[in-house]
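Here is the structure we will look at.
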Amino acid sequence: MSQDDIEASSAPLIEHLIELRSRLLKAVIAIAIFFVIGFIFATEIFNILVIPFEKAAGEDANIRLIYTAPQEFFFAQLKIALFSALFIAFPVIATQIYRFVAPGLYRNERGAFLPFLVATPILFILGSCLVYFVVMPLAMRFFLSMQQFGGDTRVTIELLPKVSEYLGLIMTLIFAFGLVFQLPVVMTLLARVGLVGSKGLKSKRKYAIVAAFVAAAVLTPPDPISQLGLALPTLLLYEISILSARFIEKQRAERDAKLDQEDEEVETSNSVANTSTDDVD
């Protein structure tokens, strides 16, 4: 390869890097803007995140959260700001990713990519809602049941969670459930490119069951409510992934059959044309 060829091939790479830098810069700016907004309303957001705890304790309960270091709640507010910034800025980030990769895709590939782009935040929100409305209240009710009220011969054992620990718990659960709910999207994409199939997913169902409970044990607190709350939806999503892979395979088979039929029709027309030519000769 000559020096001119090397320089000519490097030009598109530089253009792609410039485009990538532009897309990343826009995504970072969006995160920064929402980070500032999230920090301004961090206390209000935290009060919203405490609602599952309040539901678990009951309406008349006196909910108290503490922080034991002067800077603890400040860093908790920074975490809330970053959490809300990533959550709200996701459509901007996904749009920038799509605009970067879209020029390299065919028109039908762009149409196939868009549904996954839309399904990703929707599934993440569904997982977050499951945590917020179901799993977290059940988990906190389980933890609150371990309290002991003092008497003549008993000491008082009261749950006084730290701000950072409660925030870390609910954020971990939201991210864990949000990521697990992406399973159908990931499996459907792998099925579309032919890396997995419905039969293979069915044959590995027993391994998926074990993996779901192991992931639940690692990603959630060591209580049965949270672990079952993550493991059971994961297994349901795995079954949905099998159905999605089967649907992709059916579409591919119909498309291949249509292409084969078109090829046969072309061959038939060509053979008829050749026969007509021979007859004329």
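Relative contact order, whole percent, for the chain stands at 19, derived from Cα pairs under 8 Å and 6 or more residues apart. Exposed loop sites here are GluC sites (Glu not before Pro) assigned a DSSP state other than H, G, I, E or B and surrounded by at most 13 other beta carbons within 10 Å; excluding them, the longest clear run of the chain is 159-281. Long hydrophobic helices in the chain, taken as whole DSSP H segments with a C-alpha length of 30 Å or more on their own axis and mean Kyte-Doolittle hydropathy at least 0.0: 3-40, 107-130. Projecting the Cα atoms of 66, 123, 182 onto the dipole axis of the chain, where Lys and Arg carry +1 and Asp and Glu carry -1 at the beta carbon, places 66 farthest toward the positive end.
Structural descriptor for segment 182-267: relative contact order 43 percent, calculated from alpha carbon pairs under 8 angstrom and at least 6 residues apart. For segment 147-170, the residues whose amide N sits under 19 Å from a probe point set 7 Å from the Cα of residue 134 along the beta carbon direction are 170. Normalised by 2.2 N^0.38 Å, where N counts its residues, the alpha-carbon radius of gyration of segment 8-148 equals 1.46. The distance between label points at residue 268 and residue 64 comes to 8.5 nm (points 7 Å beyond Cα on the Cα→Cβ vector). Dipole check for segment 114-266: with +1 at the C-beta of Lys and Arg, -1 at the C-beta of Asp and Glu, and the Cα centre as origin, the magnitude is about 400 Debye. In the calculated pair-distance distribution of segment 182-267, the portion above 15 angstrom amounts to 64 percent of the Cα-Cα pairs.
Proximity of backbone amide H atoms, modeled 1.01 Å from N, is registered between residue 162 and 66 at under 5 Å, excluding neighbours fewer than 5 places apart on the same chain. What the pair-distance distribution of the chain shows, using all Cα-Cα distances binned every 5 Å from zero, is 1, 5, 8, 10, 11, 11, 11, 10, 8, 6, 5, 3, 3, 2, 2, 1, 1, 1, 0, 0, 0, 0, 0, 0 percent.
Which value, in debye to the nearest 20, gives the size of the charge dipole of the chain about its Cα centre, when Lys and Arg are +1 and Asp and Glu are -1 at the Cβ?
1480 debye
Placing unit charges on the Cβ atoms only, positive for Lys and Arg and negative for Asp and Glu, gives segment 182-267 a dipole magnitude near 660 debye about its Cα centre. The residue list 164, 198, 232 was ranked by how far each Cα lies along the charge dipole of the chain toward its positive end, using unit charges on Cβ atoms, and 164 comes out on top.
Helix-only arithmetic for the chain: the sum of -39500 (n - 2.57) across DSSP H runs with n ≥ 4, divided by the residue total, places the mean residue ellipticity at 222 nm at -26500 deg cm²/dmol.
Take the chain and mark each of the trypsin sites (Lys or Arg not before Pro) that is in a DSSP loop with at most 16 other Cβ atoms within 10 Å; the longest unmarked stretch, sites excluded, is 65-153.
Read the figures in this text as sums done on the coordinates, not as results from a lab. All values derive from a computational prediction rather than experimental measurement. Using ideal geometry, Cβ is built from the backbone for each residue, glycine included, and neighbour counts are taken over all protein chains shown.
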